[in-house]
Amino acid sequence: MTDLITLKDPRAAAAEAFRVLRTNIQFSALDQPIHTLLITSAAADEGKSATAANLAVTMAQGGSRVILVDADLRRPSQSALWKLPNERGLTTAILENLQADALPLQNTVVDGLRVLTSGAPVPNPADLLGSKRMDSLIAALKAQADYVIFDAPPVLAAADAPLLATKLDAVLLVLQAGSTRRDHAQRAKEALTRVNARIIGVALTNAPRDSSLSTYGRV
């Protein structure tokens, strides 16, 4: 769980940043409730999966029932992050049209947080994510949690993220400081805007630490 800073070092500045992110998301939902949240990035390797996992941890630590879904069916990573088996997961639930009480949700070391891994690879991820069965699955997950967080593929890598964004309440776009190209960020935003996705903000990963704030609150 090397990328789960909220568990490894909950007093670290990065862990506190995820708690601030949790608060900001909760405040953004005052007028328009957010129960389902898509987390994606412009391109690959920008930290969106670790962001999704750490945000899920802080949501659960705040007392919410949370389900984290690995909807990146092309390069899934949540099973490895959490060290969970991945024989059955999201693809299983869709292909077998499972009912709510039969979903292969897995418990984690965090109370209130369960994970739906990606499941076995499929040749047509976009078709599955855009299906009516996916709509039914989203409804079943919402009925079992306060927040359902979806880790989706990068926007510019496939049609999956914009397609899934049309089914969910909001989108958080992850960009990496010093790495994400400006034109990629702009194109990702435009792709999400075209499908009328509700982008609630941007999470910046790998941002330099402000040393002037490093000692505040320490005892």
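The values are calculated or read from the model by the stated rules, or taken from the named source; none is laboratory data. Computed from a prediction, not measured in an experiment: that's the story for all the values here. Positions of Cβ are backbone-derived with ideal geometry, glycine not excepted, and every protein chain shown enters the neighbour counts.
Residue under question is ARG114, and the condition is that it be of a type in the set (Lys, Arg) and part of a strand (DSSP E or B); does it hold? Walk me through how you get there before you give the answer.
Values: of a type in the set (Lys, Arg): yes; part of a strand (DSSP E or B): yes.
Answer is yes for this residue.
Look at LEU81 and say whether it is surrounded by 14 or more Cβ atoms within 10 Å (Cβ to Cβ), out of contact with any strand residue (DSSP E or B) (no Cβ under 7 Å at 6 or more places or on another chain) and either in contact (Cβ under 8 Å) with a residue 24 or more places away in the chain or of a type in the set (S, T, N, Q) (or both). I'd like the intermediate steps shown before the answer.
Working: surrounded by 14 or more Cβ atoms within 10 Å (Cβ to Cβ): yes; out of contact with any strand residue (DSSP E or B) (no Cβ under 7 Å at 6 or more places or on another chain): yes; either in contact (Cβ under 8 Å) with a residue 24 or more places away in the chain or of a type in the set (S, T, N, Q) (or both): yes.
Yes.
Given the conditions (1) modelled with pLDDT of 95 or more; (2) crowded, with 24+ Cβ neighbours inside 10 Å, and given that GLU46 satisfies all but one, which numbered condition is not satisfied?
Single failed check for GLU46: (1).
Can you pull out every residue in the range 56-77 that is touching a helix residue (DSSP H, G or I) at 6+ places or on another chain (Cβ under 7 Å), surrounded by fewer than 23 Cβ atoms within 10 Å (Cβ to Cβ) and within 23 Å of ALA13 (Cβ to Cβ)?
GLY62
From ALA93, ALA80, ALA53, grab the single residue that is in a helix (DSSP H, G or I), under 24 Å from LYS8 (Cα atoms), in contact with a Leu (Cβ under 6 Å, 6 or more places away or on another chain) and of a type outside the set (Ser, Thr, Tyr). Spell out how you get there, then give the answer.
Values: ALA93 fails: under 24 Å from LYS8 (Cα atoms); ALA80 fails: in contact with a Leu (Cβ under 6 Å, 6 or more places away or on another chain).
One residue alone meets the criteria, ALA53.
With (1) at pLDDT 95 or above; (2) loosely packed, with under 15 Cβ neighbours inside 10 Å as the list, and LEU38 as the residue in question, which single condition is left unmet?
Status for LEU38: all satisfied but (2).
Out of (1) part of a loop (DSSP other than H, G, I, E, B); (2) on the phi < 0 side of the Ramachandran plot; (3) surrounded by fewer than 19 Cβ atoms within 10 Å (Cβ to Cβ), the odd one out for GLN26 is which?
(1)
Give just the number: which of (1) out of contact with any strand residue (DSSP E or B) (no Cβ under 8 Å at 6 or more places or on another chain); (2) crowded, with 20+ Cβ neighbours inside 10 Å; (3) not in a helix (DSSP H, G or I) does GLU87 not satisfy?
So GLU87 meets the others, but not (2).
What's the number of the condition ASP183 fails, among (1) surrounded by 13 or more Cβ atoms within 10 Å (Cβ to Cβ); (2) of a type in the set (D, E, K, R); (3) outside any loop (DSSP other than H, G, I, E, B)?
(1)
For residues that are part of a loop (DSSP other than H, G, I, E, B) and touching a Leu at 6+ places or on another chain (Cβ under 7 Å), tally how many sit in the range 149-164.
The initial filter retains those residues of the range 149-164 that are part of a loop (DSSP other than H, G, I, E, B), namely 152-159.
From what's left, touching a Leu at 6+ places or on another chain (Cβ under 7 Å): 152, 155.
Looking only at that region, the number is 2.
Please indicate, with yes or no, whether at least one residue in the range 188-205 is modelled with pLDDT under 95 and in contact with an Asp or Glu (Cβ under 8 Å, 6 or more places away or on another chain).
Looking through the range 188-205, at least one residue is modelled with pLDDT under 95 and in contact with an Asp or Glu (Cβ under 8 Å, 6 or more places away or on another chain).
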